[in-house]
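What follows is a single structure, written as structure tokens, with notes after it.
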Amino acid sequence: MSEVLNAESVRPPDNDAKVNSYAGKAGDGRENNTTPMARSAERRGRGEGFDNRSRQSLSRSDIIPRDNRNSAYSGRDGYRQKDKPPYRRSTSRGGTGTIQSNSNAPGNINGPSGSANSPNPALKGRRADDAVERRSNTSSSRSGRRVEDLQIRPRPQIINQGPPSGTGYEKKGDSKDVSKGYIEDPLTKLVKRITRTGSERDRRVTSARQLREYLHGPEIRTSKSAKQIFEAIDGLQNVLFERISKELKHKVAVCIGLLGSCLSGQDIHGFFEWAFSNVNAADDDVKVFLSMALLEMLKQEEAPHKARDHIENVMANVHQMLEAAVTPSLLMVVLDIITVIARVFPHIFGSCFREVTDIVIGWLIDPTQTMHLIEHMSASLVQLQAFWQADIQFSVMLLGQFTEDLELMLEQDLNQAVNETTLETVTAKITALLRVFYTVVLSLGDSISTLRGGQITVEYLVELLNKLVASLGPAVKMAHMENITILSNDSIRLILHQLSAEMAISCGELILPYIIYQTSGPRTSSNSVAVSTLRLLHKIVEVFSTQLPVYVLQQLLGPESLLPLYRFSHCPQVVTELMALYHSLLALKSVPLLEEAYRLVLSDMEVCYNILLVGSNQSQLQLVAGDNPFKTIHYSSRQAQQAIMFNVGALIEIANTKSNLIGMWALSPSIFTLLSQNLQVTDPWMNKHQSPVVYSVLHAFYSHCNRHANFMSSSVLLVAPQIDASRLATMSQANNQNFSEILRIIVTLLDSDSTSFDSRCLLMKWTSDIIASLAATPHIYTSSALSSLVSTVILQGYHREQQIFQCTAQCLKSIFKKTSFPEVIVKKCMELCVYRLSDVRKPVRECFLSLLKILPVDKILHMDLFEGEEEWMSSEKRNREVGLAAAWQVRRSHMASPASGNFHSHNFRHVMAFILSGTPPSQNGSFHWLEAMYHTRQRNGKLKSQQDLTFNLTEAISNNESLQWFWATWECAQFAIVSRLRTPLGKAPETFMAIEGVIKAFATESQSFSSLDDALERRDCVRGEKVGEYVCLQRVHLLMNFMEHLDKLLYNAYEGCAVAMPAVHKVVKTFFRTNRNTCQEWLSRIRMSLLTIAVHCGMWATAVRSGF
């Protein structure tokens, strides 16, 4: 045979010419032990026992790659193993695509590649591959495996401009290095993993994703030759013909496109020829993925433009694909390709713009297409905006044709529809035509009229708008016309955007009745229709502006309109568009329009407020004078809340407009008066039962005041004492008390217990802004209003929420850095800092410690903190005590209560283990271990006295380490008394000895310290404590507190107490009265040690008590 075999001449080999190879070590002489029956079964498994003519007549789309089912019995162990796939030459660069047998098969050519001794020219191109085949078979024989050749079907070939077949790509003698590099190459490895049909789908998908990431790297573009890229493409294209998931095919198509983008020069032409030849020959599904590969390749061409010389031919082929497309999926991919070409190479696409547009519009007019395809085609046409504007004559011609067709169909076909089926068909056609009209108008952009720099005259647009509204008006009024209504509203809105107010008024006789009909009546509409209607209304208000008639406002915001009902919609988009419409109506610079809109909004709010006030004992609210148009409207309580919050949000447009003098002076009542007084923002009942409404009003009030700088510039509080009376006379009499009113509202709400958390946070933020604004005027804090505000802010430092008391600390820092206060204010602030220093959270302690550092030292040094019982007994407001006073009351209340019996031996063990040996229990969860222990000891359902309810330890103990340790030490001492000194430490003698041993050890250690520095050094070195924790000092204090509690409880056990402490059980009293002398002797024995410890740790009161 004297000519080189090509891809078309390759045929499946004859069934009688099967060649078997044998596995084993080279030269071992091992024969194949596979029986003829087994070989026959294997041929049937591969489909070799059938007629070759029927196999050759199959089309390429019917050939599905199969798993490698070829297997044989190993001559070594007799187990069936899966064979290694044979080597096959790539057909992408001029190869023959024939199947190579191994070196043991008859007829093999064993000469070197490119040898001149080969008598057959057709075998020249195969010699290099045969050499690689023999090396592969030798390696397989060394591993002890048997290798057989597989039957491979022919596949589409990659047409390229490589060298002719037979010359080869490698030089003579380089086949070994090339073969080794091919195996170790990451590109080849990933391609093999993807094309391995026996692997799981997820692994192949993962390999495809890894290949895509690898192809995005810079290495692939510099280290890979064209042959390697084409071989990878040749291997990946088979995946597109398999019956696998579309996800894998899509990723493989992307990888093929990325590989194509790595080519350059004439190789790109070969890639395009391969792509289009395979697209023309494949079925529809494979066409889609091949088109995806082409799309990905063109996306990578936006910057380098390596394929600019071939784009003209590519565009011609893509145009043919668009004309021949019959499936929506293929059409969408082709449109994406066209969009990329139009964006990157606009000079190439310009000549094909009209033809492509005609084809796409033909698809759009078809009413049977899916909405997904329609949206995709419309988006593709909109992306061609530059071409629509460049060919304006073509665009105007299309608009005119569509308008005429719409008029004809709406007048004749719609009126002649006799039954429901015919009406549905006509409606679908009108919807499709109207959608095309809307798409063309949208594609022209925002500036198509001469008023906005376009080329279309305003007169033509007005004529087009009148025709559209006149023809679509009757269709909108018909039932089941939602799609037509949406498209007509959107089309009218786009055309109105190009007109001025004067030109739009000429169309008002048609447009205003058209839109009023959609917002009135008892009918309901879908969310899509509501959104389109609201957008059109917003555009009408924007274009007509102050020329909008007053009766239109009454129709839109009145009780008969559908707009108030949209406030209760569950669709966020509807509520957003409605709020934008209300803002545009309340922002009109016209006194009659603004007054009418304000009156209608307040009338609605009056009805809603009176519905909410039904459960209270307050009088009915009146916001407007005269007859209320909404008096016949009935809302539920939930709807009334929503309506008030929506209307308040709409009024923010007036409240935040700083330059709107009309909104400040022409409205009655004014915005400030409405939000501060009329809407009852400080009412306790409203704050307790309608907190969302109060918060919305308060937020609007804050926004209004913040916009106007809290009216400080006109306030009399900021006038310095030396300013004369002439300056006061020039101030506005209407606003000079606004700042004082703001301070009054803030103080009232912060002092109220019914204020919600969100409102309190907003008030603290407001207070912080005011303090920052008063930094340049420190003299204002001498006024009573500001002093009251500072005292109220200090009280917020005792709030349970961390966000609030940390904001309090920041406000107080800003205040005390700028000015000085009386001793009463400083004392309150110091008590707050001392109280917060016992917090278990380190950021809180650091925050208030920094506040304590900036307090005036000359005032805090000689101040006495809470005096205790005398101050508390003389106070008339015990229930409102906070801070140190409340903590003292809680301690006293807990000491006066009897033992609960919920403190068990394991709790005693944990607490005393830390006090006596410094071993804390493990910390689990976010709670401190003492707080967690306290909450687990509580039991519900037990009766409590009124005193316990007034001073509840549970409310005060959260995050307060001082109270937590007081409770722990008191309960441990009380547990020892109740159990008659039988504790986990042992019996009574063992318990006393264990405690006495630790006390004497502490006393001995404290006496051995020569100085403070020596004490700190020895404490840190010996006990291994971290810097700043002071656990040893804490243990000493806790031990002293425990001994004080134990001393009191022992005395109460054998002597009793009249009022301060409850009597113990009779058995306990008998035990301690019997052992009274023993207890007193033990206390006397440790008095001197307690005195020594108290003196060294600074507990002077305990030292004096132990000394006498």
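The values are calculated or read from the model by the stated rules, or taken from the named source; none is laboratory data. No experiment lies behind these values; they were computed from the predicted model shown. Virtual Cβ from ideal backbone geometry, glycine too; neighbours counted across all protein chains shown. What goes into the accessible areas is simple: the full protein's heavy atoms, side chains included, and nothing from ligands, DNA or RNA. Shrake-Rupley method; radii C 1.70, N 1.55, O 1.52, S 1.80 Å.
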Quick one: compute a quarter of the convex hull surface over the Cα atoms of the range 747-830 and quote it in nm².
5.1
Working from the alpha-carbon coordinates of the range 777-868, get Rg over Rh, Rh being the Kirkwood radius.
0.94
For SER491, the net charge from surrounding residues (Cβ-Cβ under 13 Å; K, R +1; D, E -1) works out to +4
How far, in nm, would the chain grow between SER569 and ARG308 when pulled straight, counting 0.36 nm per residue and subtracting the alpha carbon separation?
88.6 nm
Give me the percent of accessible area attributable to carbon and sulfur for the range 488-529, probe 1.4 angstrom.
59
Whole-number accessible area per residue in Å² for the range 592-654, which is evaluated in the context of all protein chains at 1.4 Å:
42
For the range 466-549 the mean separation of alpha carbon contacts under 8 Å (6+ apart) over residue count, i.e. relative contact order in percent, is 42
Once every Cα of the range 506-586 carries one equal point scatterer and solvent is ignored, give the base-10 log of I(q)/I(0) from the Debye formula at q = 0.24, 0.25 Å⁻¹, two decimals.
-1.29, -1.40
Net charge around ILE633, counting only other residues with Cβ within less than 13 Å of its Cβ (Lys, Arg = +1; Asp, Glu = -1)?
-1
Restricting to DSSP loop positions (anything but H, G, I, E, B) with no more than 16 other Cβ atoms inside 10 Å of their own Cβ, which trypsin sites (Lys or Arg not before Pro) remain in the range 811-844?
ARG841
Quantify how much of the Cα-Cα distance distribution of the range 347-462 extends past 26 Å, in percent.
26
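Kirkwood-based Rg over Rh for the range 491-543 (C-alpha set), two decimals?
Reported Rg/Rh (Cα atoms, Kirkwood Rh): 0.99.
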Using only alpha-carbon positions, what ratio does the radius of gyration of the range 255-321 give when scaled by 2.2 N^0.38 Å?
1.02
Violating pairs (Cα-Cα greater than 26 angstrom) within the set LYS859/LYS1048; LYS251/LYS287; LYS539/LYS765; LYS429/LYS539; LYS246/LYS429
LYS859/LYS1048; LYS539/LYS765; LYS429/LYS539; LYS246/LYS429
Of the accessible area of the range 179-293, computed with a 1.4 Å probe and all protein chains kept, carbon and sulfur make up a percent value of 46
How large is the accessible surface per residue of the range 308-365, computed with a 1.4 Å probe and reported in Å² as a whole number?
42
